[in-house]
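Participant: The structure is given below, and queries will be raised subsequently.
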Amino acid sequence: MTDSASCSITRLEGGCRVQDLGRFGVRHLGLGQGGGFDHLSLRVANALLGNAHTAPALEITLGQVALTFSASTTVALTGADIGARLDHVPVSPGGCFVVEVGQTLMFDTPVQGLRSYLAVAGGFKVTPELGSVTALAREPLGGLHGEGGELTVGDALLYAPGFPSLRTQPDTTRWSFDEALVLDVVVGLQAATFSGRSLFDAFNRPWCVGTRADSMGVRLEGPRLESRCASLISEGLTPGVIQVPPDGAPIVLGPDCQSIGGYPKFGAVTPYSLARLGQCCPGDTLHLRPVGIGLARARWAQWLGHLDGVESHGDSARM
Amino acid sequence: MTANVEIERVGLDCLLVRLFDQIDTRHVDVIMAFCEQLRDELADAVIDLTPSYTTVLVHFDDARADEPHVREAIKRALEAAGQRAEASGQVHELPVWFDPRVGPELEVIADKAKLSVDEVIERHVSREYRVFALGFAPGFGFMGAVDEAIAMPRLSTPRKRVAAGSVGIAGIQTAVYPTALPGGWNIIGRCPTRLFDIKREGYTLYRAGDTVRFKPIDHATFLNLGGDDTPFEGARHD
């Protein structure tokens with residue numbers, strides 16, 4: 001066993017980023033928060049292995065990635081089902097498994113969902129910068145080598161092999177892809193500047209996830225929403241906020257959103273709904289639902305309780 | 001101070017404090033005093049405080065302070081800020097090589113303002129600017145207010161890449177691009193000073209509330225200060 005085992009990227013055609021829960025305390029300097037979009041699946045992957053909840057893991061968007069491991073270790077895979085295969089043997093997401101030395105973990109295109117999270121026991125050894133390994137496209141910091149930038153074929157992520165028990169993900173922490181998707185929205189901000197018709201439409205008409213969807217924001221297509229303020233003086237933003245540019249199509253801000261902006265906003269999706277949005281592909285349909293702050297807090301607390309339960313759940317051998 | 005202030009809810013753990021409804025350099029000191037007071041009030045329950053032109057976004061740790069507690073702290077900080085707002089922030093002087101090779105809109109602005117290029121430069125450097133907010137990218141400071149004569153709306157089609165150090169004008173605002181980024185500001189020169197560096201204490205050269213002066217430098221000085229004089233694509237070559 002060695003402390004300098006490495007996981008090498010041998011194919012990269014989708015997206016692959018090293019991620020944690022984001023960077024905090026520096027937004028006033030113009031930095032974005034970043035971090036994994038489906039932060040709940042990322043937390044589950046680390047919890048399955050008993051890792052620190054901030055341990056760096058891989059966020060794989062749209063699959064099409066292959067990884068080889070220089071030493072055997074236990075890993076956990078959560079989030080989207082992207083047709084994972086370990087040396088051609090299918091592996092379903094939602095639990096831990098052992099990768100043997102020299103084996104290749106391959107990801108095809110998503111079957112369900114969009115983003116998958118791969119954690120290794122102990123976490124990948126990546127040095128955080130300003131408190132996080134996240135690397136936003138417009139920022140010169142974070143990532144595998146520091147100074148920002150994306151992962152490329154040939155990059156190797158270090159890890160110290162470990163073999164915690166092979167846990168499975170409790171159903172309470174799995175996304176349902178079969179039911180109609182509803183995102184909870186805490187109404188606020190400049191909601192009063194929107195026409196009554198627009199607010200009615202926002203919460204009663206279906207929305208289609210647009211093709212302009214990435215970690216900065218997800219544009220929703222549907223009825224045109226109108227605010228009597230076409231633009232505002234720029235003010236602080238946070239992931240989850242729903243802003244409406246003059247074209248009337250709302251954008252749910254993702255983790256990589258800018259720190260300030262000037263479009264009118266009528267609320268923010270809750271943390272658990274934002275995580276779920278990270279699994280939506282262009283063309284998916286969803287509804288927005290207004291929730292009271294009390295109910296939203298209760299649902300979020302319930303989620304955090306489910307996460308606490310992951311570490312004690314089902315120590316069964318899978319695969 | 002608290003009379004006309006609105007507090008808007010942003011999701012589960014943020015509140016947006018709207019202190020003013022118009023941009024005014026005189027508001028900057030009140031906003032910065034408020035931020036300082038609120039940091040004292042909330043201590044480690046603050047995750048992020050993001051000041052902007054007229055607002056402060058308060059991101060709090062709801063495991064350490066609940067929303068009613070944070071709202072009370074905001075009210076106390078507003079009262080204290082109204083009493084003690086005084087000139088704050090540091091003053092920075094930024095060297096800038098103003099030249100059409102690295103400032104493709106220098107002549108465009110001169111034509112529109114019916115001024116010579118030298119007069120445009122003079123108008124830009126003759127003022128001190130307040131930093132209203134940092135945003136868009138690390139260390140990108142939105143500053144104002146620019147002389148109306150040289151104010152210019154953003155380009156109708158933003159550039160895919162604006163070189164690091166580019167000094168721009170958008171409306172009555174001015175800014176320096178800390179790194180190469182996409183952008184639609186009118187570029188008039190280039191600054192060799194590094195504005196964002198994670199190895200520097202505080203990470204950014206300036207913060208919201210600081211004051212910035214620009215000082216014209218020649219090409220040789222620009223190079224001596226470590227500037228990169230690679231011309232803009234499509235800019236005039238001498």
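Participant: Just to be sure, is B:Pro182 in contact (Cβ under 8 Å) with a residue 12 or more places away in the chain and within 11 Å of chain A (Cβ to nearest Cβ)?
Facilitator: On the way: in contact (Cβ under 8 Å) with a residue 12 or more places away in the chain: yes; within 11 Å of chain A (Cβ to nearest Cβ): yes.
Here the answer is yes, as B:Pro182 does meet what is asked.
Participant: Suppose we filter A:Ser259, A:Ser227 for residues that are within 22 Å of B:Thr54 (Cα to Cα), hydroxyl-bearing (Ser, Thr, Tyr) and within 11 Å of another protein chain (Cβ to nearest Cβ); which single one remains?
Facilitator: A:Ser259 is the lone residue from the list that is within 22 Å of B:Thr54 (Cα to Cα), hydroxyl-bearing (Ser, Thr, Tyr) and within 11 Å of another protein chain (Cβ to nearest Cβ).
Participant: Out of all the residues in the range B:24-47, which are surrounded by 18 or more Cβ atoms within 10 Å (Cβ to Cβ) and either hydroxyl-bearing (Ser, Thr, Tyr) or at the interface with another protein chain (Cβ under 9 Å from one of its Cβ atoms) (or both)?
Facilitator: Answer for the range B:24-47, where residues must be surrounded by 18 or more Cβ atoms within 10 Å (Cβ to Cβ) and either hydroxyl-bearing (Ser, Thr, Tyr) or at the interface with another protein chain (Cβ under 9 Å from one of its Cβ atoms) (or both): B:Cys35, B:Val46, B:Ile47.
Participant: Evaluate the following for A:Val182: is it outside any helix (DSSP H, G or I), in contact (Cβ under 8 Å) with a residue 12 or more places away in the chain, in contact with a strand residue (DSSP E or B) (Cβ under 8 Å, 6 or more places away or on another chain) and loosely packed, with under 14 Cβ neighbours inside 10 Å?
Facilitator: Values: outside any helix (DSSP H, G or I): yes; in contact (Cβ under 8 Å) with a residue 12 or more places away in the chain: yes; in contact with a strand residue (DSSP E or B) (Cβ under 8 Å, 6 or more places away or on another chain): yes; loosely packed, with under 14 Cβ neighbours inside 10 Å: yes.
Spelling it out, A:Val182 is indeed outside any helix (DSSP H, G or I), in contact (Cβ under 8 Å) with a residue 12 or more places away in the chain, in contact with a strand residue (DSSP E or B) (Cβ under 8 Å, 6 or more places away or on another chain) and loosely packed, with under 14 Cβ neighbours inside 10 Å.
Participant: Does A:Val269 count as within 11 Å of another protein chain (Cβ to nearest Cβ) and crowded, with 18+ Cβ neighbours inside 10 Å? It would help to see each step written out before you state the result.
Facilitator: On the way: within 11 Å of another protein chain (Cβ to nearest Cβ): yes; crowded, with 18+ Cβ neighbours inside 10 Å: yes.
Against the criterion (within 11 Å of another protein chain (Cβ to nearest Cβ) and crowded, with 18+ Cβ neighbours inside 10 Å), A:Val269 qualifies.
Participant: Sticking with this structure for a sec: What single numbered condition from (1) under 18 Å from B:Thr204 (Cβ atoms); (2) within 14 Å of another protein chain (Cβ to nearest Cβ) fails to hold for B:Val70?
Facilitator: Among (1) under 18 Å from B:Thr204 (Cβ atoms); (2) within 14 Å of another protein chain (Cβ to nearest Cβ), the lone unmet condition for B:Val70 is (1).
Participant: Please state which one of A:Leu199, A:Leu158 is within 30 Å of B:Glu6 (Cβ to Cβ) and either in a strand (DSSP E or B) or not assigned by TED's automatic domain parsing to the domain that holds A:Asn51 (or both).
Facilitator: Numbers: A:Leu158 fails: within 30 Å of B:Glu6 (Cβ to Cβ).
Only one candidate qualifies: A:Leu199.
Participant: Also: Go over the candidates A:Ser92, A:Ser41, A:Ser72 one by one and state the one that is more than 30 Å from B:Val56 (Cα to Cα), at pLDDT 95 or above, of a type outside the set (A, V, I, L, M) and surrounded by fewer than 18 Cβ atoms within 10 Å (Cβ to Cβ).
Facilitator: Numbers: A:Ser92 fails: at pLDDT 95 or above; A:Ser41 fails: surrounded by fewer than 18 Cβ atoms within 10 Å (Cβ to Cβ).
One residue alone meets the criteria, A:Ser72.
Participant: Okay, next question. Mind listing whichever residues of the range B:76-115 are closer than 17 Å to B:Gly189 by Cα and among the charged types (D, E, K, R)?
Facilitator: Hits for the range B:76-115 are B:Glu93, B:Asp99, B:Arg101, B:Glu105, B:Glu107, B:Asp111.
Participant: List the pairs whose first member sits in the range B:65-94 and is within 15 Å of B:Ala43 (Cβ to Cβ), whose second member is not hydroxyl-bearing (Ser, Thr, Tyr) and not in a helix (DSSP H, G or I), and whose Cβ atoms are under 6 Å apart, counting only residues at least 6 apart or on separate chains?
Facilitator: Pairs found: B:Val70/B:Phe60; B:Ile74/B:Val17.
Participant: Give the range A:26-68 a look and list any residue that's part of a strand (DSSP E or B) and either under 17 Å from A:Pro164 (Cα atoms) or within 14 Å of chain B (Cβ to nearest Cβ) (or both), or say none. Full working, then the answer.
Facilitator: Step one: of the range A:26-68, the residues part of a strand (DSSP E or B) are A:57-61, A:65-68.
Matches in the range A:26-68: A:Ala57 only.
Participant: Can I ask one more? Here is a list: B:Val46, B:Val117. Which entry is free of Cβ contacts under 8 Å to residues at least 24 places away in the same chain, farther than 30 Å from A:Val241 by Cα and not charged (D, E, K, R)? Explain how you work it out, then say what you get.
Facilitator: On the way: B:Val46 fails: farther than 30 Å from A:Val241 by Cα.
The match here is B:Val117.
Participant: Shifting gears a bit: Could you please find all residues in the range B:48-67 being more than 8 Å from every other protein chain (Cβ to nearest Cβ) and among the aliphatic types (A, V, I, L, M)?
Facilitator: Selection gives B:Val58, B:Ala63, B:Ala65.
Participant: Still on this structure, I have one more. If you check B:Ser156 against the conditions, is it farther than 22 Å from B:Ile23 by Cα, of a type in the set (Ser, Thr, Tyr), surrounded by fewer than 20 Cβ atoms within 10 Å (Cβ to Cβ) and more than 11 Å from chain A (Cβ to nearest Cβ)? Don't jump to the end; show me each part of the working.
Facilitator: Values: farther than 22 Å from B:Ile23 by Cα: yes; of a type in the set (Ser, Thr, Tyr): yes; surrounded by fewer than 20 Cβ atoms within 10 Å (Cβ to Cβ): yes; more than 11 Å from chain A (Cβ to nearest Cβ): yes.
In short, yes.
Participant: Within the range A:217-225, identify whether any single residue is over 19 Å from A:Gly283 (Cα atoms) and among the β-branched types (Val, Ile, Thr), and answer yes or no.
Facilitator: Going through the range A:217-225, the residues over 19 Å from A:Gly283 (Cα atoms) turn out to be A:225.
Next cut, among the β-branched types (Val, Ile, Thr) only: none.
No: zero hits.
Participant: Here are some residues: B:Gly226, B:Gly144, B:Gly168. Which one is within 14 Å of chain A (Cβ to nearest Cβ), in contact (Cβ under 8 Å) with a residue 12 or more places away in the chain and small (Gly, Ala, Ser)? Outline the logic, then answer.
Facilitator: Values: B:Gly226 fails: within 14 Å of chain A (Cβ to nearest Cβ); B:Gly168 fails: within 14 Å of chain A (Cβ to nearest Cβ).
After applying the criteria, what remains is B:Gly144.
Participant: Quick one: is B:Gly139 closer than 19 Å to A:Ile260 by Cα and either outside the structural domain of B:Pro95 (by TED's automatic domain parsing) or modelled with pLDDT under 95 (or both)? Full working, then the answer.
Facilitator: Values: closer than 19 Å to A:Ile260 by Cα: yes; either outside the structural domain of B:Pro95 (by TED's automatic domain parsing) or modelled with pLDDT under 95 (or both): no.
For B:Gly139, the condition - closer than 19 Å to A:Ile260 by Cα and either outside the structural domain of B:Pro95 (by TED's automatic domain parsing) or modelled with pLDDT under 95 (or both) - is not met.
Participant: Among B:Thr174, B:Thr204, B:Thr211, which is under 25 Å from B:Arg26 (Cα atoms), within 10 Å of chain A (Cβ to nearest Cβ) and at pLDDT 95 or above? Can you show your working first?
Facilitator: On the way: B:Thr174 fails: within 10 Å of chain A (Cβ to nearest Cβ); B:Thr211 fails: within 10 Å of chain A (Cβ to nearest Cβ).
On inspection, the qualifying residue turns out to be B:Thr204.
Participant: Let me ask something additional. In the range A:206-242, what count of residues is obtained for those that are outside any strand (DSSP E or B) and either farther than 30 Å from A:Cys16 by Cβ or modelled with pLDDT under 95 (or both)? Steps first, answer last, please.
Facilitator: Going through the range A:206-242, the residues outside any strand (DSSP E or B) turn out to be A:206, A:215-216, A:222-226, A:228-234, A:237-240.
With the extra rule that they be either farther than 30 Å from A:Cys16 by Cβ or modelled with pLDDT under 95 (or both), the set shrinks to A:206, A:222-226, A:228-234.
Residues in the range A:206-242 being outside any strand (DSSP E or B) and either farther than 30 Å from A:Cys16 by Cβ or modelled with pLDDT under 95 (or both): 13 in total.
Participant: Which residue out of A:Pro255, A:Pro250 is in contact with a strand residue (DSSP E or B) (Cβ under 8 Å, 6 or more places away or on another chain) and touching a residue at least 24 places away in the same chain (Cβ under 8 Å)? Steps first, answer last, please.
Facilitator: On the way: A:Pro255 fails: in contact with a strand residue (DSSP E or B) (Cβ under 8 Å, 6 or more places away or on another chain).
From the options A:Pro255, A:Pro250, the qualifying one is A:Pro250.
Participant: Continuing with this model, one more query. Is it the case that A:Ser8 is closer than 22 Å to A:Leu304 by Cα, assigned to a strand (DSSP E or B) and either away from chain B (no Cβ under 14 Å) or within 14 Å of the chain's Cα centre (by Cα) (or both)? If you could, list the steps in order and put the result at the bottom.
Facilitator: Working: closer than 22 Å to A:Leu304 by Cα: no; assigned to a strand (DSSP E or B): yes; either away from chain B (no Cβ under 14 Å) or within 14 Å of the chain's Cα centre (by Cα) (or both): yes.
No: the conditions fail for A:Ser8.
Participant: For the range A:186-221, how many residues are without any contact (Cβ under 8 Å) to a residue 24 or more places away in the chain and among the small types (Gly, Ala, Ser)?
Facilitator: 2
The values are calculated or read from the model by the stated rules, or taken from the named source; none is laboratory data. Values in this document were obtained by computation on a predicted structure and should not be read as measured data. Glycine also receives a Cβ, built like all others from the backbone with ideal geometry; neighbour counts cover every protein chain displayed.
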